[in-house]
Amino acid sequence: MCGILAIFGCTDNSHAKRSRIIELSRRLRHRGPDWSGLHSHEDCYLAHQRLAIVDPTSGDQPLYNEDKTIVVAVNGEIYNHKELREKLKSHQFRTESDCEVIAHLYEEYGENFIDMLDGMFSFVLLDTRDKSFIAARDAIGITPLYMGWGLDGSIWFSSEMKALSDDCERFVSFLPGHIYSSKNGGLRRWYNPPWFSETIPSTPYDPLVLRKAFEKAVVKRLMTDVPFGVLLSGGLDSSLVAAVANRYLADTEAGRQWGSQLHTFCVGLKGSPDLKAAREVADYLGTRHHEFHFTVQEGIDALEEVIYHVETYDVTSIRASTPMFLMSRKIKSLGVKMVLSGEGSDEIFGGYLYFHKAPNKEEFHQETCRKIKALHLYDCLRANKSTSAWGVEARVPFLDKEFINIAMNVDPEWKMIRPDLGRIEKWVVRNAFDDDQNPYLPKHILYRQKEQFSDGVGYSWIDGLKDHANSQVSDSMLANASFVYPHNTPTTKEGYYYRTIFERYFPKAAARETVPGGPSVACSTAKAVEWDAAWSKNLDPSGRAALGVHEAAYEVKET
């Protein structure tokens, strides 16, 4: 990952302003510790903090076209850059960077090239010929991007809120799958897949099509010139990522460069479910496995730093970000800069335990659509920022654009959880990789019950967080929460505690409005809480709140 900061229309173009932009860009250096770049043109500035993954020697940013009239700062990876270069034969490239194609695609196709990009990205591009500019974010919002407005009429873009929150009067999270054009003066959606309308698909389930699409998604993400690995919790999603990467690594350029033994990483409290399951998967696959432990106190001690980096007060995100943040620091200490991770599968396939209560395939499908559309506010934000805090890049094959289209086009009847037919959550994925002739994983791992990351690292982690919050927040503080925090009022002491930390770093109203709210059980949207009357009495984002579903569910609260 990298960090980008761009400002257009500054009324002050003094040396002091340049120094201020450098200072603000420095707030993103954790995202890109390898090099810093700044391009200024009249009242426009594009700053970049680089994490060098592809072409570390010559791919410094900002990047340019042949005559430097087009300037681009990019955070992300373009997996099909070699194929795109083939369409740009008449152009001269300065580097081997995967991101340089963006400048040349703009030169060739104007603003209508975004859908040609296969990857994860946020970028800002300046055309110095007429001082027009565009900004765009990938389809799902895997990479973060914020947009802000200064009192002087300037427009700002930044990878993280912390670089613009002090200097902008108002700022928002830039919508995924959208492009901002200064020529048109606003946002428009460039990503328009069939599933976005939430109409119910009818394509029959084909396990081999699904399997091949996922294998392709994993293999294309092995594009790297630096050491890498896989985050392995031992659950279905991360185990499949590891199994596929392990199977094809030797045939890739990355495997030839860095060796064919895959590195895997897991974090948890000692004795946690994830550590045991991950070790078993790693032994089965023969990976070089790294197991990291943390204590509840170490996690609590890191909370303030986690909230500063992840820029949220959402309870689920903070619970899961903290172990991921601690693990990323350990991973970086080993010299690893890129990891593959399993985010996105639960949203696409209805893997959260509350999907057991989906009343019909229509509601099941619509909930998966809602979950995917909100990923940029939750799991994508967590996975990106908690790893980027230590200069590690997380890639997510389940959120491959082509794979999502195939998976979301399957008749949702096949995704429904049907115990009468022996189908547990995410059965369509498990079945697609259930190959007796050439097994990917042991059967009991392939059919292991869903554990949310914050649960799987050890149940006492969440219990410890709640106990700590109870000691910090009094009953009267919580009783008056609606007066202190009228927007997204915290309903638990844990939520209140996180909110106080967040507000200390990000005190503006615009900051708190970037964080979603509303009732949730086991990571559901507010709409899905309606599926079971008992859930409204037990609103907790932990998977154990899925009463009557999780094997270690919380006890039902009496009214």
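The values are calculated or read from the model by the stated rules, or taken from the named source; none is laboratory data. Since the model is a prediction, treat every value here as computed from it, not as a measurement. Here Cβ is always computed from backbone atoms with ideal geometry, including for glycine, and neighbour counts include all displayed protein chains. Quick note on the areas: whole protein, heavy atoms, side chains included, nothing else; ligands and nucleic acids left out. Shrake-Rupley method; radii C 1.70, N 1.55, O 1.52, S 1.80 Å.
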About the Cα centre of the stretch 1-138, how large is the charge dipole given +1 on each Lys and Arg Cβ and -1 on each Asp and Glu Cβ? Please answer in debye to the nearest 20. 620 debye
Charged-residue dipole, Cβ positions (Lys, Arg, Asp, Glu), the stretch 339-494 about Cα centre, Debye nearest 20: 140 debye
I need the phi-derived Karplus couplings for the stretch 508-519: 6.51 cos²θ - 1.76 cosθ + 1.60, θ = phi - 60°, integer Hz, Gly and Pro marked x. 6, 4, 4, 5, 5, 7, 7, 9, x, x, x, x
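Any idea what the dipole of the chain comes to, in debye rounded to 20, about its Cα centre with Lys/Arg Cβ at +1 and Asp/Glu Cβ at -1?
Charge dipole, the chain, about its Cα centre: 400 debye, nearest 20.
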Within straight cross-link reach of K183, meaning Cα distance under 24 Å, which lysines are found once same-chain residues fewer than 8 apart are removed? K68, K131
Describe numerically, in nm with one decimal, the distance between label points set 7 Å from Cα along Cα→Cβ at R418 and at N80. 3.4 nm
Proximal aspartates and glutamates to K89, defined as alpha-carbon separation beneath 14 angstrom and excluding residues fewer than eight positions away on the same chain: E66, E100, E107, E108
Relative contact order [Cα under 8 Å, 6+ residues apart], the stretch 5-104, whole percent: 23 percent
Length gained when the stretch S333-K270 is fully extended (0.36 nm per residue, less Cα-Cα span): 20.6 nm
Quick one: how many lysine pairs in the stretch 226-357 have C-alpha atoms under 27 angstrom apart, if they're 8 or more apart or on different chains? 6
Distance from the stretch 157-230 to the stretch 473-519 (C-alpha centre basis), Å: 29 Å
Just to check I understand the Karplus step: with θ = phi - 60° and J = 6.51 cos²θ - 1.76 cosθ + 1.60, what whole-Hz values come out for the stretch 477-484, glycine and proline as x? 4, 5, 4, 9, 4, 5, 7, 6
If you work out Cα Rg over 2.2 N^0.38 Å from the coordinates, which of [x] 1.13; [y] 0.94; [z] 1.04 do you get? [y]
Relative contact order for the chain: what percent, with Cα pairs under 8 Å and sequence separation of 6 or more? 14 percent
Calculate, for the chain, the solvent-accessible area per residue in square angstrom, rolling a 1.4 angstrom probe over the heavy atoms of the protein chains. 37 Å²
Go through H444, L381, L28 and say which Cα lies farthest out towards the positive end of the charge dipole of the chain; charges sit on Cβ, +1 for Lys and Arg, -1 for Asp and Glu. L28
Put +1 on the Cβ of each Lys and Arg and -1 on the Cβ of each Asp and Glu in the chain; which of P176, T203, A16 then has its Cα farthest toward the positive end of the dipole? A16
Report, ordered by chain and residue number, the lysines lying within cross-link reach of K361, taken as a straight Cα distance under 19 Å and ignoring same-chain residues fewer than 8 apart. K371, K373, K415, K426, K527
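On full extension of the chain, what length is gained from V172 through E305, given 0.36 nm per residue of separation minus the C-alpha to C-alpha distance?
Stretched fully, the V172-E305 segment lengthens by 45.7 nm.
From Cα pairs below 8 angstrom and at least 6 apart in sequence, can you work out the relative contact order of the stretch 328-398, rounded to a whole percent? Walk me through the intermediate numbers first.
Numbers: 67 pairs, mean separation 39.7, N = 71.
It comes to 56 percent, rounded to a whole number.
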